[in-house]
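Only one structure is covered here, and it is reproduced in the block below.
The values are calculated or read from the model by the stated rules, or taken from the named source; none is laboratory data. Note that the structure is a prediction, hence the values are computed from the model and not measured. Cβ coordinates were reconstructed from backbone atoms using ideal geometry, including for glycine residues, and neighbour counts include every protein chain displayed.
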Amino acid sequence: MIAQPKSRVLILACGNTLRSDDGVGPWLAGWAEQHFASHPEIRIISRQQWTPDIAEDIAHSDSVLFVDCSVSSAPGYVRLIRVEPSVQTEGLATHHQGASQLLALTRDLYNSQPAKAALLTIGVGSTDLGETFSEPALRAIPFACALLECTIVEWSQ
């Protein structure tokens, strides 16, 4: 097996681009890919959902920023919170994993944890079928981009 190089910062985005605001994670990942294209120490992965195999990528990263939408936040509300590994890892799901479950899996499988881990979310206004964002999500995107940029710049120093 070829050793994976260590990333200073890993951005892990998830969401379904065909479900309106659920696609903000992949959209922000695309923005980050363009914005940080000249920074090889920043790695970006965008998926429809986070799965257990991502634990290996986390294990090879100094810091990880999870990016997703939030159905529990007010539409357009941008939130950045610190993420800790979940205490209990029993009952591993084979499909969607949350950020804290992925950190716990990384700890358990690889005896590794990133120094910093956070979750950036935008509250959804709609998850209806469609490829356009709701007005609250559209208004929130510039702030989310600025917050993502500030976080990544701080973490990559």
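Computed values, structure above
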quantity: Some residue of the range 103-110 being under 16 Å from the mean Cα position of the chain (by Cα), assigned to a helix (DSSP H, G or I) and among the hydroxyl-bearing types (S, T, Y); calculated: yes
quantity: Enumeration of residues in the range 113-156 that are in a loop (DSSP other than H, G, I, E, B) and buried (at least 16 other Cβ atoms within 10 Å of the Cβ); calculated: Q113, P114, V124, G125, S126, T127, F133, S134
quantity: Residue tally, condition at pLDDT below 95 and polar (S, T, N, Q), over the range 133-157; calculated: 2
quantity: The listed residue being at pLDDT below 95 and buried (at least 19 other Cβ atoms within 10 Å of the Cβ), out of S7, S63; calculated: S7
quantity: Filter result (among the basic types (K, R) and surrounded by fewer than 20 Cβ atoms within 10 Å (Cβ to Cβ)) within the range 22-53; calculated: R47
